[in-house]
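Asker: Below is one structure. I have some questions about it.
The values are calculated or read from the model by the stated rules, or taken from the named source; none is laboratory data. All of these numbers come straight from a predicted model, not from anything done at the bench. Backbone-built Cβ (ideal geometry, glycine too); neighbour counts: all protein chains shown. Side chains are part of the model used for accessible areas, which takes the heavy atoms of the whole protein and leaves out ligands, DNA and RNA. Shrake-Rupley method; radii C 1.70, N 1.55, O 1.52, S 1.80 Å.
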Amino acid sequence: MKKTVATLVLIIICFCGLVACNQEDREDILHLGINAEIIEIDTDNQIVYVTDFGEGKVFGEKCAIDCKKLIEDQEILYVDYDTEEVSLIQFTDLTVGDKVTINAYESQLNCITDGMIEVEQIQLSTQRLNVD
């Protein structure tokens with residue numbers, strides 16, 4: 001009887017350990033500060049197309065980013081590097097050739113080959129705005 005209870009307890013502990021490990025695999029990691037360059041803008045559909053800029057290959061030659069949620073959540077930003085002041089900017093402030101920094105979840109980055117992705121934030125890195 002004691003062996004049966006001990007075996008049952010051991011099986012339950014192993015099962016709980018496997019479940020805990022499996023939950024860690026499902027955690028979606030937020031990647032911050034991914035550098036990109038805007039190569040095309042579809043203003044009618046609120047989509048920007050980016051390519052990799054600098055080190056790392058994330059977006060490839062052309063990746064579509066749906067900006068509707070970013071516009072709604074006010075997550076398009078500009079940081080003045082001299083004053084470190086953060087400002088909200090409009091989608092229309094972005095132009096082709098701009099360098100941007102993107103924050104995106106790994107689950108979205110894994111879907112790049114499937115078409116358009118959504119990201120959590122776009123920050124204009126090109127220092128060309130004088131936002132007050």
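Asker: Looking at the structure I just gave you, is GLN108 under 17 Å from GLU37 (Cβ atoms), surrounded by 12 or more Cβ atoms within 10 Å (Cβ to Cβ) and not aliphatic (A, V, I, L, M)?
Answerer: Working: under 17 Å from GLU37 (Cβ atoms): no; surrounded by 12 or more Cβ atoms within 10 Å (Cβ to Cβ): yes; not aliphatic (A, V, I, L, M): yes.
When the stated conditions are applied, GLN108 does not pass them.
Asker: A further question on this structure: So which residues in the stretch 54-67 are in contact with a Phe, Trp or Tyr (Cβ under 9 Å, 6 or more places away or on another chain) and either open to solvent by 30 Å² or more (accessible area, probe 1.4 Å) or in a strand (DSSP E or B) (or both), if there are any at all?
Answerer: LYS62, CYS63, ALA64, ILE65 - these are the residues of the stretch 54-67 that are in contact with a Phe, Trp or Tyr (Cβ under 9 Å, 6 or more places away or on another chain) and either open to solvent by 30 Å² or more (accessible area, probe 1.4 Å) or in a strand (DSSP E or B) (or both).
Asker: Also, I was wondering about something else. Does GLY115 qualify as being surrounded by fewer than 17 Cβ atoms within 10 Å (Cβ to Cβ), among the small types (Gly, Ala, Ser) and under 18 Å from ASN45 (Cβ atoms)?
Answerer: Numbers: surrounded by fewer than 17 Cβ atoms within 10 Å (Cβ to Cβ): yes; among the small types (Gly, Ala, Ser): yes; under 18 Å from ASN45 (Cβ atoms): yes.
Yes; evaluated as a whole, the condition is true for this residue.
Results for (1) within 25 Å of ARG26 (Cα to Cα); (2) in contact (Cβ under 8 Å) with a residue 40 or more places away in the chain; (3) hydroxyl-bearing (Ser, Thr, Tyr); (4) assigned to a helix (DSSP H, G or I), shown as yes or no for each residue.
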{"site": "ASN45", "(1), (2), (3), (4)": "no, no, no, no"}
{"site": "VAL79", "(1), (2), (3), (4)": "no, yes, no, no"}
{"site": "THR83", "(1), (2), (3), (4)": "no, no, yes, no"}
{"site": "THR92", "(1), (2), (3), (4)": "no, yes, yes, yes"}
{"site": "VAL100", "(1), (2), (3), (4)": "no, yes, no, no"}
{"site": "GLN123", "(1), (2), (3), (4)": "no, yes, no, no"}
{"site": "THR126", "(1), (2), (3), (4)": "no, no, yes, no"}
{"site": "LEU129", "(1), (2), (3), (4)": "no, yes, no, no"}
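Asker: I'd like to verify a number: residues in the stretch 25-38 that are crowded, with 17+ Cβ neighbours inside 10 Å and of a type in the set (A, V, I, L, M, F, W, C), how many?
Answerer: Matching residues across the stretch 25-38 total 3.
Asker: Oh, and also: Could you list, in sequence order, all residues of the stretch 52-75 that are at pLDDT 95 or above and under 14 Å from LYS99 (Cβ atoms)?
Answerer: Within the stretch 52-75, no residue meets the criteria.
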